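Presented below is the structure to which this report refers.
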Amino acid sequence: MENKVLPETARFIKVVSELRAKCPWDKKQTHQSLAPYLVEETYECLEAIDKGDLKVLEEELGDLLLQIALHAEIASEKGAQGFDLESVSKGVADKMIARHPHVYGDVQVKDDTEVKANWLKLKQKEKPERKLLDGIPKALPGLLLAHKYGYRAAAAGFDWPDTAGVLSKVREEVGELSDALGEKDASAVEEEFGDLLFSLAQLGRHLKLDAEASLRAACQKFARRLEHVQESLASEGKRMESCDLETLESLWQRAKNHT
């Protein structure tokens, strides 16, 4: 992409500045009050990606960009102690150049695996005091957090050598969960259930699958099938609550053939 003047980007920045100066709602916002919107807009982008709808994704990315710009505008009001969108852009551009020596330098890489490994080494070099798991937000969704923890550990050499080893661990955790259930130990059940989920996230990582995205897809499939069951019952003037489990299971199997 050629470097060129981006008039709409400049107009967008001007609009954000005007909103912050003149709109009563925008004026009163803080980093803290806007935080939920930042999370919400991110998930709406993910939903558009899952649907493969580029038009909706374009709109949702705009909403996410608005949140980023608002945070930068609020920070710019602190003067020398703050920052603005220009300094944010400079900082991330400088960082990307430094962390891509295979693009902007003379480092040679064979594939994306080497790129990722170099990325982590460069991050560690930037901050030698950084611990292995530093920089991973603990507030991430659980499966994504498990994936990132496993990836960091693997980058340091602590990982199963192959998928078979992870599958064996998953089976081990299923057995431990079964034992805890048999002992009716609620605390142990919760712990073993968490261990099983963590192991499944590592299995996804080894299979080069995104556990979080896989679970979202499974949830969407479940929703489609459940709606099919409800629609089938509604056509007969019935509701799920009035049907026995055998009837619901039969309708569910039919739904699987249609969705």
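The values are calculated or read from the model by the stated rules, or taken from the named source; none is laboratory data. In this text the structure is predicted, and so the values were computed from the model without any measurement. Positions of Cβ are backbone-derived with ideal geometry, glycine not excepted, and every protein chain shown enters the neighbour counts.
Taking the conditions exactly as written (assigned to a loop (DSSP other than H, G, I, E, B), of a type in the set (Gly, Ala, Ser) and loosely packed, with under 15 Cβ neighbours inside 10 Å), does Ala139 satisfy them or not? Can you show your working first?
Numbers: assigned to a loop (DSSP other than H, G, I, E, B): yes; of a type in the set (Gly, Ala, Ser): yes; loosely packed, with under 15 Cβ neighbours inside 10 Å: yes.
Answer is yes for this residue.
Tell me which residues, restricted to the stretch 46-76, are within 20 Å of Gln220 (Cα to Cα) and modelled with pLDDT of 95 or more. First the steps, then the outcome.
Narrowing the stretch 46-76 to residues within 20 Å of Gln220 (Cα to Cα): 46-54, 56-57, 60.
Within the stretch 46-76, Leu54, Val56, Leu57, Glu60 meet the criteria.
Would you say Ile74 is farther than 24 Å from Leu196 by Cα, in contact with a Leu (Cβ under 9 Å, 6 or more places away or on another chain) and either not assigned by TED's automatic domain parsing to the domain that holds Thr30 or not in a loop (DSSP other than H, G, I, E, B) (or both)?
Values: farther than 24 Å from Leu196 by Cα: yes; in contact with a Leu (Cβ under 9 Å, 6 or more places away or on another chain): yes; either not assigned by TED's automatic domain parsing to the domain that holds Thr30 or not in a loop (DSSP other than H, G, I, E, B) (or both): yes.
Judged against the criteria, Ile74 is a match.
Each row is one residue, and each column tells you yes or no for (1) more than 18 Å from Lys78 (Cβ to Cβ); (2) more than 29 Å from the chain's Cα centre (by Cα).
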site	(1), (2)
Thr9	yes, no
Lys14	yes, yes
Ala21	no, yes
Lys27	no, yes
Ser33	no, no
Val39	yes, no
Tyr43	yes, no
Ala48	yes, no
Lys51	yes, no
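Being part of a helix (DSSP H, G or I) and without any contact (Cβ under 8 Å) to a residue 24 or more places away in the chain is the filter; apply it to the stretch 246-259 and report the residue that is farthest from Ser168 (Cα to Cα). Don't jump to the end; show me each part of the working.
From the stretch 246-259, those part of a helix (DSSP H, G or I) are 246-256; that's our starting set.
Checking which are without any contact (Cβ under 8 Å) to a residue 24 or more places away in the chain leaves us with 246-251, 253.
Values: Glu246: 35, Thr247: 37, Leu248: 35, Glu249: 32, Ser250: 34, Leu251: 35, Gln253: 31 Å.
Ranking the candidates gives Thr247 first.
Across the stretch 86-121, what is the total count of residues that are within 18 Å of Tyr149 (Cα to Cα) and in contact (Cβ under 8 Å) with a residue 24 or more places away in the chain?
Residues meeting the conditions: 3.
Would you please list the contacts, defined by Cβ atoms under 8 Å and residues six or more apart or on different chains, that run from a residue in the stretch 226-245 that is touching a residue at least 24 places away in the same chain (Cβ under 8 Å) to a residue that is in a loop (DSSP other than H, G, I, E, B)?
His228/His258; His228/Thr259
Yes or no, residue by residue, for (1) surrounded by 14 or more Cβ atoms within 10 Å (Cβ to Cβ); (2) free of Cβ contacts under 8 Å to residues at least 40 places away in the same chain:
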{"position": "Gly175", "(1), (2)": "no, yes"}
{"position": "Ala180", "(1), (2)": "yes, yes"}
{"position": "Lys184", "(1), (2)": "no, yes"}
{"position": "Ser187", "(1), (2)": "no, yes"}
{"position": "Gly194", "(1), (2)": "yes, yes"}
{"position": "Gly204", "(1), (2)": "yes, no"}
{"position": "Leu207", "(1), (2)": "no, no"}
{"position": "Arg216", "(1), (2)": "yes, no"}
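Taking Lys148, is it assigned to a loop (DSSP other than H, G, I, E, B), closer than 29 Å to Ile49 by Cα and under 16 Å from the mean Cα position of the chain (by Cα)? Write out each step before concluding.
Numbers: assigned to a loop (DSSP other than H, G, I, E, B): no; closer than 29 Å to Ile49 by Cα: yes; under 16 Å from the mean Cα position of the chain (by Cα): yes.
In short, no.
Condition check: of a type in the set (D, E, K, R) and either under 18 Å from Lys27 (Cα atoms) or surrounded by 15 or more Cβ atoms within 10 Å (Cβ to Cβ) (or both). Does Asp84 satisfy that? Show your work before the answer.
On the way: of a type in the set (D, E, K, R): yes; either under 18 Å from Lys27 (Cα atoms) or surrounded by 15 or more Cβ atoms within 10 Å (Cβ to Cβ) (or both): yes.
Yes.
What about Lys238, is it basic (Lys, Arg) and not in a helix (DSSP H, G or I)? Lay out the reasoning, then the answer.
On the way: basic (Lys, Arg): yes; not in a helix (DSSP H, G or I): yes.
Criteria met by Lys238.
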